[in-house]
Amino acid sequence: QSDGLPEPACDGNPPSVEGAGFAVSQYHVVTVAHVLYCCKKVMIRKLECSGRTGATVVATEQKSDLGLLRLDKPLKHYATLRSGKELQLGEAVLTYDRKPKVNGCPQYDVGQGNVTKLNWMPDDSRLMIHDAPTSPGSSGGPILDESGHIVGVTSKFDSVVIHKKHSYSSFGVNSYLVETFLTTNNIEYNKTPSV
């Protein structure tokens, strides 16, 4: 761990790694840096599994665990970040929760939960904590508010079974860091207030 976030591990030839991400412009996808460590080749697959497109790593930032990809082909639709109201304790959030593959295609469910902690450590607001389900392969996916606007990026998580029920503790990179990361890399993005 580095500053509480995943440490890069590049021993020999790393195996194929899968994660999630979301488009913020026609050509740019945000994900997490720890999914991109040691990658020699990046391929993007759409949710409906309708083919792949190549991508290039534009930037990674270990401290915030953010990564930025540039796609070889443009997309028609991309996400909007939330502006205005700051994330609130107890606020409802949605995630894309990775499920087992069907016919070689990754599957996702929409996970629902609430923000349980705004700062994962007393003096560190990089990560927020929520209890929406997230499973391996979900890292880099969006954390959305009820209006469907981005309020964070799935970074890491724990899932514990207590009395035959799953208890989730999921960490998300706060959206103000996503905005700073995109601005630093000269990427234009959509931002709008939620209702």
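The values are calculated or read from the model by the stated rules, or taken from the named source; none is laboratory data. Note that this is a predicted model, so its numbers are computed, not measured. Note that each Cβ is placed from the backbone with ideal geometry, even for glycine, and that neighbours are counted across all protein chains shown. Remember, those area values only see protein heavy atoms, side chains included, never the ligands or the DNA or RNA. Shrake-Rupley method; radii C 1.70, N 1.55, O 1.52, S 1.80 Å.
Failed condition for HIS130, given (1) more than 13 Å from SER169 (Cα to Cα); (2) touching a Gly at 6+ places or on another chain (Cβ under 9 Å); (3) at pLDDT 90 or above, with all others met?
(1)
Pull out all pairs, ordered by first then second residue, where Cβ-Cβ is under 9 Å, the residues are six or more apart or on different chains, the first lies in segment 88-107 and is free of Cβ contacts under 8 Å to residues at least 40 places away in the same chain, and the second is open to solvent by less than 30 Å² (accessible area, probe 1.4 Å) and part of a loop (DSSP other than H, G, I, E, B).
What qualifies is LYS99/SER135; LYS99/GLY137.
In segment 21-67, which residues are in contact with a helix residue (DSSP H, G or I) (Cβ under 8 Å, 6 or more places away or on another chain), polar (S, T, N, Q) and surrounded by 18 or more Cβ atoms within 10 Å (Cβ to Cβ)?
The answer is THR60, SER64.
Out of everything in segment 102-152 that is part of a strand (DSSP E or B) and among the polar types (S, T, N, Q), what residue ends up being most open to solvent (accessible area, probe 1.4 Å)? Outline the logic, then answer.
Start the filter on segment 102-152 by keeping residues that are part of a strand (DSSP E or B), which leaves 102, 105-117, 121, 124, 127-130, 142-144, 150-152.
Going one step further and asking which of them are among the polar types (S, T, N, Q), we end up with 107, 112, 114, 116.
Values: GLN107: 67, GLN112: 140, ASN114: 64, THR116: 71 Å².
In this case the residue turns out to be GLN112.
Out of all the residues in segment 35-54, is one or more among the acidic types (Asp, Glu) and closer than 28 Å to ARG126 by Cβ?
Kept after step one, since they are among the acidic types (Asp, Glu), are these residues of segment 35-54: 48.
From what's left, closer than 28 Å to ARG126 by Cβ: none.
No.
Does LEU81 satisfy the criteria of being closer than 14 Å to PHE22 by Cβ and within 14 Å of the chain's Cα centre (by Cα)?
Yes: the conditions hold for LEU81.
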